[in-house]
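S.K.: Here it is, the structure in full.
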Amino acid sequence: MKELTIPERYNYIAVFLTLACNLKCPFCINDFSDKTEGYSLIPADKWIEGLNRIVSRPDLPVTLQGGEPSLHPGFIDIINGLRPDLNIDILTNLQFDVDEFMEAVSPSRVHRDAPYASIRASYHPRQMDYEELKAKVLKLLENDYSVGIWAVQHPGMLAEIEWAREDAVNAGIDFRVKDFLGYHDGQRHGVYKYEEALSGEASSVECRTSELIIGPSGDVFRCHADLYQGRAVIGHICDELFDIEDVFRQCGCFGLCNPCDVKTKTNRYQEFGHTSVEIEWEKS
Ligand code: SF4
Ligand code: SF4
């Protein structure tokens, strides 16, 4: 199949193996609307065929995520089926059996030079047992896997997260926090480049992404909001005719954006100030 070269400007290759999850965090950044439940999953061989078309850079991995990516029945096959020169990151809640994982996946397959861990386990207070998570992370670390813990700084759980952070750091675990995005007690949290993007009122703009976003059925989307709403598919990862076009696209859904796409955040070098999409207003 034709190669898919990632534009130099791109910062992220997001592969949503499934939007299903085995936890139900109240602050989940994914929008588990009715539409996300309707996605079909493509099997491991299709993911391998489509993702192996990608030509990326050593510092730009394919990030397997979800939902919870380990719920995809071909999770391990996909990891082991990708070309060795394609680096892999995994975002997971680590509810899976790490012994089975270690038996099937070599530490070098998910280990690269980066200022943060390749396997990023999320900690969700009140949804999971912290001690179990910590034990799994320590076991992976002892076996040379690149793994760390990340927690969303939910305003209602700051004390629990800080306690866990201190405990993890004392145990030698890299523990980092991410901004909470969205509303809590009627107050909006997060720093956004385009505040009006979350107004709830749709208008028309030109929008250009810096991310390759691939949904569970292999469809490619302009942004997270489109993925969660199942709208405006721009191609399919297994379609021979699909190519990545680094262009502005017309969008009539500005105002209904996802916080993830319009927040000010760190890029892959952990430098602050990056925003996933660039917006231009149409000239009337
Ligand atoms: S583990 Fe992650 S994907 Fe699953 S519900 Fe919690 S925040 Fe959402
Ligand atoms: S304007 Fe918002 S909804 Fe439209 S493509 Fe850009 S990020 Fe997505």
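S.K.: Against the empirical 2.2 N^0.38 Å scaling, what ratio does the C-alpha Rg of the chain come to?
M.R.: Details: Rg = 18.5 Å, N = 284, 2.2 N^0.38 = 18.8 Å.
Normalised Rg, Cα atoms only: 0.98.
S.K.: With Rg and the Kirkwood Rh both taken from Cα atoms, where does Rg over Rh land for the range 139-178?
M.R.: Numbers: Rg = 11.1 Å, Rh = 10.7 Å.
Reported Rg/Rh (Cα atoms, Kirkwood Rh): 1.03.
S.K.: Per q in 0.17, 0.23, 0.29 Å⁻¹, report the Debye log10 I(q)/I(0) for the range 153-201, using one uniform scatterer on each alpha carbon and no solvent.
M.R.: Each listed q corresponds, in turn, to -0.63, -0.86, -1.09.
S.K.: Moving to a separate point now. Rounded to the nearest whole Å², what accessible area per residue is found for the range 139-226 with the 1.4 Å probe?
M.R.: On the way: 3970 Å² over 88 residues.
Per residue, the range 139-226 has 45 Å² of solvent-accessible surface.
S.K.: In whole percent, how big is the carbon plus sulfur part of the accessible area of the range 122-170, probe 1.4 Å, protein atoms only? Please list the in-between numbers first.
M.R.: Working: 1140 of 2430 Å².
The C+S portion of the solvent-accessible surface of the range 122-170 is 47 percent.
S.K.: Please get the size of the charge dipole for the range 178-284, origin at its Cα centre, with Cβ charges of +1 on Lys and Arg and -1 on Asp and Glu, quoted in debye to the nearest 20. Walk me through the numbers before you get to the answer.
M.R.: Details: 11 positive and 19 negative charges, 73 e Å.
Using only the charged Cβ atoms, the result is roughly 340 debye.
S.K.: Under 5 Å between amide H atoms, partner at least 5 residues away or on a different chain: which partners does Val105 have, H built in plane at 1.01 Å?
M.R.: none
S.K.: Report, to the nearest whole %, how much of the accessible area of the range 206-259 belongs to carbon and sulfur atoms, 1.4 Å probe, protein only. Present the calculation step by step, with values, prior to reporting the outcome.
M.R.: Working: 950 of 1810 Å².
That share works out to 53 percent.
S.K.: For the range 88-133, report the accessible area per residue in Å² (1.4 Å probe, heavy atoms, rounded to an integer).
M.R.: Spelled out: the 1.4 Å probe surface of the range 88-133, per residue, equals 44 Å².
S.K.: Once every DSSP H run of n ≥ 4 in the chain is given -39500 (n - 2.57) and the sum is divided by its residues, what mean residue ellipticity at 222 nm do you get, rounded to the nearest 500 deg cm²/dmol?
M.R.: Values: 8 runs with 62 residues, N = 284.
Per the formula, -6000 deg cm²/dmol.
S.K.: Please name whichever of Phe101, Gln187, Gly215 sits farthest to the positive end of the charge dipole of the chain, dipole taken about the Cα centre and charges placed at Cβ: Lys and Arg +1, Asp and Glu -1.
M.R.: Gln187
S.K.: I'd like to know which of Ile149, Phe272, Val62 lies farthest towards the positive end of the charge dipole of the chain, counting +1 on Cβ of Lys and Arg and -1 on Cβ of Asp and Glu.
M.R.: Most positive-ward Cα: Phe272.
S.K.: Cα extents of the range 183-248 along the three principal axes, largest first, in whole Å?
M.R.: Dimensions of the range 183-248 along the principal axes of its Cα atoms: 47, 24, 19 Å.
S.K.: Over every pair of different alpha-carbon atoms in the range 83-233, take the mean of 1/r and invert it; report that Kirkwood radius in Å. Kindly include the intermediate steps, with their values, before the conclusion.
M.R.: Numbers: mean 1/r = 0.0555 Å⁻¹.
Answer for the range 83-233: a Kirkwood hydrodynamic radius of 18.0 Å.
S.K.: Relative contact order for the chain using alpha-carbon pairs under 8 Å, separation at least 6, rounded to a whole percent? Don't jump to the answer; show the numbers that get you there.
M.R.: Numbers: 529 pairs, mean separation 58.3, N = 284.
Relative contact order comes out at 21 percent.
The values are calculated or read from the model by the stated rules, or taken from the named source; none is laboratory data. This structure is a prediction, so every number in the text was calculated from the model and none was measured. Please note: Cβ atoms are built from the backbone with ideal geometry, for glycine as well, and neighbour counts cover all protein chains shown. Accessible surface is based on the protein model in full, side chains and every heavy atom, while ligands, DNA and RNA are left aside. Shrake-Rupley method; radii C 1.70, N 1.55, O 1.52, S 1.80 Å.
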